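Undergrad: Below is the structure I would like to discuss, written out as structure tokens.
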Amino acid sequence: MRHFLLLLPLLLLCQRSTHADAAVYSGTAFVIHPDGFLITCNHVVEGATDIQVLIDGKSYKASVLAEDGKHDLALLQIGLNKLAALPLANSNQVQLGEEARACGFPLASVIGTDLKVTRGTISGITTLGVQKVFQVDSPINAGNSGGPLINEKGEVIGVVNAKLAAPDVEGVGFSVPINYARHLLEAEGIEIIAGNETEKLDGPTLVKRVSASVAFVKATVDEEQQAGADVLRAQAFELVDGEGKVTARLSTIDGGATLILYDGNGVNRAQFALGDEGEPSILLTDAADVMRVQLVVDTENLPGIMLCDAGGNTRSNLRVNENGIPSIRLYDAEENTRALLRLDDDDTPSLEYYTDKQNLRAGFWLLGDQTPGLAFYDTEENLRGMLAMTTDNDCRLNFTNADEELRARFGVDANGVPELLMTDMEGVSRAELAVKDGAPSLSMNNADGNTLAMLTVTDENVPSLAMGNDGNHLTMQMCVSPDGFSELEMRDQNDVIRALMSVHGNGDSVISLSDAGAHPRIWTRMKNDVPLFGVQDAGGDFRWSAP
């Protein structure tokens, strides 16, 4: 068995110039969202006291919104919107030998701040330190750091960040896969603009499309903070079998270490790594050298497990937060979150479902008192429907409008008694259906909440219909008794019966019209199939009658 030792300097590709007690680093960034969000390398802006971004011929002050030192990424924000954003490819689908272009502002102090674009190929997909990287043979130099690595469709596949520098080494640059930036954006709640291009672009067309999205970055940093930070030392130790095949590789870089184990075909099957702050990780790959399982413990000592499909796309992610609370996130093939299962600090579980645009559409939860609930959301993530159960086992189904205002509610209490409520845009109840002691009732109200109509059925199965006016005065009432007797009353504003119609079970009927004093003035009666008709004066004396 043979082994060898390799010692090479790894250069981070930001350019430095010194002014008094401060160093000014220059690099590249690119727009990742129209609302002023850009991605660059963390080593370009780390510790910066001032960051300036030059885009579209104007300089803007930038702030660091988020950092990912492990993958050498930083998310910047400037006070400008409606920017041209670059679409992101799925870097898990990048293939060896694929053409790529590095865009940036190398050696700006020498050759100016015009955009430079170099062409090359993906010459390697490997592990450097504790992370997966793309090896590229495109000419890259100081100042390229943070620039996008573009495929032939104009989509970002990586972020240029380093190269090997030695007398006998040429064309060995490195790029951070863009999917690491996807995770950074997702953590900040920033929409990911995914690429959907199908046609390849010629060089001039591609450059024209991306140039408006690539920015020149200048970061002012205290000189003491960055002394020696632009050069890292890397070492590699390989074990080789009797046939000359590499079976294991141990590499170190800037305090981190990685042990890679290979199968008989030279395929990387397992990686054990320590980050520069001592955080461990384990990666397991399949026979096609695609990562399928990753176990990590981050710098905050928080564990996580990721499972990937045959394309290397993360499909599930189990995490535990600082309070020991777990969560499981499920992804589609484009690594968009589609489901999230988690516990809150009170050990209350919840399950959320998302669209392929990562919009929340449904949520299920179980509260600490073990009462369940189910919520539905529209495409703007407004709550539109909620099904919940109370501690008394009452069940409620609410429907809301786009402003999350209640428009309808259906409920069933623990005894199986239902109710239905519908409201207008002002939240006023306009219709209510209820059941009490087995007797249903339906009421309809006006915009002031006054009941204008009510239909009820008593526990003796006697139906009645009452209608009123805006002043809650009863104006009409109709009822039917179990023995077949039915009656219809119409009343005036003083609650005086002015019209009455009744039908008895034997078929006899009466219709009468009364004056304001409740005196019958005109009436007709059917008794034993004999019709009667009469007219009375105000004193009750008959003035005319028939037959």
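Undergrad: Of all the residues that make up the range 260-275, how many are farther than 18 Å from Thr299 by Cβ and not in a strand (DSSP E or B)?
TA: 5
Undergrad: A follow-up question, please. So Val136 passes all but one of these: (1) surrounded by fewer than 24 Cβ atoms within 10 Å (Cβ to Cβ); (2) without any contact (Cβ under 8 Å) to a residue 60 or more places away in the chain. Which condition number does it fail?
TA: Going through the list (1) surrounded by fewer than 24 Cβ atoms within 10 Å (Cβ to Cβ); (2) without any contact (Cβ under 8 Å) to a residue 60 or more places away in the chain, Val136 breaks only (1).
Undergrad: Restricting the search to the range 202-216, which residues are within 31 Å of the chain's Cα centre (by Cα) and under 12 Å from Leu115 (Cα atoms)?
TA: Val210, Ser211, Ala212, Ser213, Val214, Ala215
Rule-based calculations on the coordinates, nothing more; no lab input. Source: prediction; values computed, not measured. Please note: Cβ atoms are built from the backbone with ideal geometry, for glycine as well, and neighbour counts cover all protein chains shown.
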